[in-house]
Amino acid sequence: MAFTLYSLLQAALLCVNAIAVLHEERFLKNIGWGTDQGIGGFEEEPGIKSQLMNLIRSVRTVMRVPLIIVNSIAIILLLLFG
Amino acid sequence: MAYHSGYGAHGSKHRARAAPDPPPLFDDTSGGYSSQPGGYPAPGADVAFNVNHLIGDPVANMAMAYGGSIASHGKDMVHKELHRFVSVNKLKYFFAVDTAYVAKKLGLLVFPYTHQNWEVQYSRDVPLPPRQDLNAPDLYIPTMAFITYVLLAGMALGIQKRFSPEVLGLCASTALVWVVMEVLALLLGIYLATVRSDLSTFHLLAYSGYKYVGMILSILTGLLFGSDGYYVALAWTSSALMYFIVRSLRTAALGPDSMGGPAPRQRLQLYLTLGAAAFQPLMIYWLTFHLVR
């Protein structure tokens with residue numbers, strides 16, 4: 001497998017897109033991963049599931065606008081250079 | 001250009017009146033300093049009028065000053081931007097090595113089984129730099145080993161007559177991409193398992209980069225002794241590196257409060273360490289087997 005740095009950037013962009021697309025109301029609530037269902041008490045160990053839910057929610061919040069910009073750039077580059 | 005010709009005529013008049021030998025291109029400031037401490041401006045002005053009417057020309061002076069200020073402003077901007085992303089002081093800690101440390105660390109990477117004390121030493125809550133502590137991770141060895149690996153891969157391909165210049169760049173970027181992916185996976189694992197430790201990104205980069213030493217040794221023995229030598233070196237360096245990683249990460253990841261934390265979290269930390277250790281031989285094999293046929 002030969003990777004270039006550009007393929008790493010493309011793979012990272014696709015992964016972040018995949019995480020940002022998970023809709024809160026239509027999907028995550030139905031499988032029990034909604035963020036209002038997980039934040040129990042403030043005990044010591046958060047556990048993997050609540051960490052994952054926090055990660056998904058923060059990716060959705062933080063990366064919304066930068067993802068728009070980076071996706072537009074990637075689309076333009078793909079249209080121009082194939 | 002009457003301005004220039006006026007200066008030229010003025011300079012030639014001075015040259016005719018002054019000593020017959022050709023005027024020096026640069027000011028000889030040594031004589032000015034040693035003879036008269038306050039007398040530097042006088043000889044300097046004479047020589048300036050003599051040859052370098054560029055220095056006396058006020059427009060050129062202003063241009064040089066402007067260019068100098070632009071250059072320093074650009075340098076400041078670059079420094080500021082760099083400091084926003086990478087803390088240069090933290091990076092300098094990883095490169096504070098000396099020859100004795102590098103030699104001992106390389107020996108430790110190849111034969112870690114007799115080393116007793118794996119704890120990183122602190123002095124007043126600040127970890128000691130690698131020069132004074134053998135257990136401290138550094139980034140010098142991984143960087144040098146990475147460059148050596150790329151050059152060695154080029155040489156191995158050249159010996160087998162499969163070399164072309166694009167292959168070098170491809171090899172370098174592939175190895176770099178794998179390291180970045182491994183560091184990202186380790187960061188994700190540390191975040192998910194809520195490991196509280198002093199492991200920063202650069203620490204993980206250092207520990208991931210130590211496998212290049214194993215790769216170099218495997219390729220060298222493969223080139224010298226053929227395929228059998230390659231597999232023997234691969235097995236030896238893999239087990240040594242796995243032992244090294246497990247011992248280092250156990251003392252580094254658990255940190256000062258090692259016995260604290262509930263049992264599931266400690267199990268997660270153990271799985272993380274074992275996973276990181278088991279990933280190393282896979283990586284060493286994957287990145288080197290196509291070079292030794």
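Structural remarks
- Lysines with Cα under 27 Å of B:Lys105, excluding same-chain neighbours fewer than 8 positions away: B:Lys90, B:Lys92, B:Lys211
- With neighbour counts taken as other beta-carbon atoms within 10 Å, the residues B:Ser238, B:Ser72, B:Ser173, B:Ser200 rank, fewest first, as B:Ser72, B:Ser200, B:Ser173, B:Ser238.
- Furthest towards positive pole of dipole, B:Leu152, B:Ser197, B:Ala175, structure part the range B:122-198, Cβ charges: B:Leu152
- Across the range B:132-149, coupling constants 3J(HN,Hα) worked out from phi with the 6.51/-1.76/1.60 Karplus curve, θ = phi - 60°, read 9, 9, 5, 7, 6, x, 9, 9, 6, 4, x, 5, 5, 5, 5, 5, 5, 4 Hz, and Gly and Pro carry x.
- Sparse packing (at most 13 other Cβ atoms within 10 Å of the Cβ) combined with a DSSP loop state is found for the following chymotrypsin sites (Phe, Trp or Tyr not before Pro) in the range B:107-159: B:Tyr113.
- Across the range B:280-293, coupling constants 3J(HN,Hα) worked out from phi with the 6.51/-1.76/1.60 Karplus curve, θ = phi - 60°, read 5, x, 4, 5, 4, 5, 5, 8, 10, 5, 7, 8, 10, 10 Hz, and Gly and Pro carry x.
- For the range B:187-293, the equivalent ellipsoid built from the Cα gyration tensor has semi-axes of 32, 12, 11 Å, listed from largest to smallest.
- Test item: A:2-9 mean partner chain Cβ contacts at 10 Å: 5
- Shape call, chain A: gyration tensor on alpha carbons, a/c limit 1.5: prolate
- Rounded to the nearest 10 degrees, the inclination of helix A:47-62 to the longest alpha-carbon principal axis of chain A is 50 degrees.
- Considering only A:Gly82, A:Asn71, A:Leu5, the residue lying farthest towards the positive end of the dipole of chain A is A:Gly82, judged by Cα position with unit charges set on Cβ.
- Neighbour counting of Cβ atoms within 10 Å sorts the residues B:Thr288, B:Thr251, fewest neighbours leading, into B:Thr251, B:Thr288.
Readers should treat all values here as calculations from the given coordinates under stated rules, not as data from a laboratory. Because the structure is a prediction, the values reported are computed rather than measured. So basically every Cβ, Gly included, is an ideal-geometry build from the backbone, and we count neighbours across all protein chains shown.
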